[in-house]
1. Quick one: Leu59 ticks every box in (1) surrounded by fewer than 16 Cβ atoms within 10 Å (Cβ to Cβ); (2) among the aliphatic types (A, V, I, L, M); (3) touching a Ser or Thr at 6+ places or on another chain (Cβ under 9 Å); (4) in a helix (DSSP H, G or I) bar one, so which box is it?
2. Can you find a residue that is within 20 Å of Val18 (Cα to Cα) and touching a Lys or Arg at 6+ places or on another chain (Cβ under 9 Å) anywhere in the range 45-52?
3. If I go through the range 96-138 residue by residue, how many of them are in contact with a His (Cβ under 6 Å, 6 or more places away or on another chain) and not hydroxyl-bearing (Ser, Thr, Tyr)?
Amino acid sequence: MREVIDIFLSTQSKKREVIAFLEELKELLGKKDFNIDSDLTLIKKKKPNDEEHSTPYTLLDLDYDTWDVVERLKELTVSEYSETKIDKDDLDPPLLFVFGKDINRKLVYVKLKINGDQKRRILCVSFHYAREPMKFPYA
């Protein structure tokens, strides 16, 4: 049986693109009518052979709920930006912004995007301890 390996194409967004993404993210999270259940999706998928680097493990270890994740997303800065990945599973839009956030002296890998035309929504694909060292081009 052949193993399936996911391949993500990685690129570096321009600083102004990262700033624009963060501005929209913070605007959405700061709206008075922000609804955590309909405006944010936090993917909590377990990784069979790497539980320590999964979102459920990280949330449990940090004693975090979804609101804590929202607070950390509000704090993201350009200097915490690492890279941009192409989401081959959802091309609307295809860009996933990756950040590294230091929480309790551990590096947390955060991968997210904003999608939707009329109703903008935040999709947080990853919020877990970083598996590998990360680079920060705008630090």
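Read-outs throughout are calculated quantities, based only on the coordinates presented, and are distinct from any laboratory measurement. Just so it is clear, the model here is predicted, and its values are computed rather than measured. Reconstructed Cβ throughout: ideal geometry from the backbone, glycine too, with neighbour counts over all protein chains shown.
1. Of the numbered conditions (1) surrounded by fewer than 16 Cβ atoms within 10 Å (Cβ to Cβ); (2) among the aliphatic types (A, V, I, L, M); (3) touching a Ser or Thr at 6+ places or on another chain (Cβ under 9 Å); (4) in a helix (DSSP H, G or I), the odd one out for Leu59 is (1).
2. First pass over the range 45-52, keeping only residues within 20 Å of Val18 (Cα to Cα): none.
No.
3. 2
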